[in-house]
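Down below is the structure, laid out as structure tokens.
The values are calculated or read from the model by the stated rules, or taken from the named source; none is laboratory data. The structure presented is a predicted model; accordingly, all values stated were derived computationally and were not measured. Glycine gets a Cβ as well: all are built from the backbone with ideal geometry, and neighbour counts include every protein chain shown. Keep in mind that these areas ignore ligands, DNA and RNA; they rest on the heavy atoms of the full protein, side chains included. Shrake-Rupley method; radii C 1.70, N 1.55, O 1.52, S 1.80 Å.
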Amino acid sequence: MGSYDHLHGVLGAELTLLEYGDFECPYCRKAAPVIEEVRRRLGDRLLFAFRHFPLAELHPYALSAAVASEAAALKGQFWPMHERLFSGDEPRLTQDDLRRYAKEIGVPPEKVVWPATQFVEDRVEADFNSGVRSGVRGTPTFFVNGVQYRGAVSVRDLIDALEQ
């Protein structure tokens, strides 16, 4: 993980958690509050990073959501957009939804939809390719302290894995 990644925490933290995720994936949606709680409990000891792995063949809105989050990142608003994309019980990721989220976080709505997002498509592709090279096959896939994690996505199990 490096400064290129979307990070919560400080580079050089004792523990690291990396997620390859898809904003339309129901399992990623269920994992989001778990990750928030793990981050809350571990505080400054944990560096969390999110990388895009949109499964576009399964999830028709995943890619547009990923590039919308990257467009928001250009305005310093990746994490607020990330939170909105994962909010609610069901994904709401249409172009109108993406524009509404952008407006809510103070990003011009036209900046998070095509053609404005063509400038960040390479970033999403780079994350996806990084995942493929690392053996990612689905979402969410986590790496705990640099090692692919295969356990349950629960607060206790992730904290135990991180602290081992």
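Using θ = phi - 60° in the Karplus curve 6.51 cos²θ - 1.76 cosθ + 1.60, the 3J(HN,Hα) couplings for the range 117-127 round to 7, 4, 6, 10, 4, 4, 5, 5, 4, 4, 4 Hz; x is entered for Gly and Pro.
Using the 1.4 Å probe convention, the accessible area of the chain works out to 52 Å² per residue with neighbouring protein chains retained.
In this entry, the chain is assigned a mean projected area of 8.8 nm², taken as a quarter of its C-alpha convex hull surface.
Each label was represented as a point 7 Å from its Cα along the Cα-to-Cβ direction; for Ser87 and Leu58 these points are 2.6 nm apart.
Listed values for the range 21-28 are Karplus-derived 3J(HN,Hα) couplings in whole Hz (6.51 cos²θ - 1.76 cosθ + 1.60, θ = phi - 60°), namely x, 9, 5, 9, 6, x, 6, 5, and x replaces Gly and Pro. Cα centroids of the range 37-80 and the range 106-164: 7 Å apart.
When a 1.4 Å probe is rolled over the protein heavy atoms, the share of accessible surface on the chain that falls to carbon and sulfur comes to 51 percent.
What the phi angles of the range 148-155 give under the Karplus curve with 6.51, -1.76 and 1.60, with θ = phi - 60°, is a coupling list of 4, 9, 10, x, 5, 8, 10, 4 Hz, glycine and proline written as x. Sorting the segments 23-33, 117-127, 149-159 by their residues' average number of neighbouring beta-carbon atoms within 10 angstrom, most packed first, yields 23-33, 117-127, 149-159. Placing +1 on each Lys and Arg Cβ and -1 on each Asp and Glu Cβ, with no other charges, gives the range 1-156 a dipole about its Cα centre of roughly 380 debye.
Shape call for the range 70-132 from the C-alpha gyration tensor, a ≥ b ≥ c root eigenvalues: rounded (a/c under 1.5), prolate (a/b greater than b/c) or oblate? Here the range 70-132 falls in the oblate category. In summary, the lysines within cross-link reach of Lys111, defined as a Cα separation below 16 angstrom excluding same-chain residues under 8 places away, comprise Lys75, Lys103.
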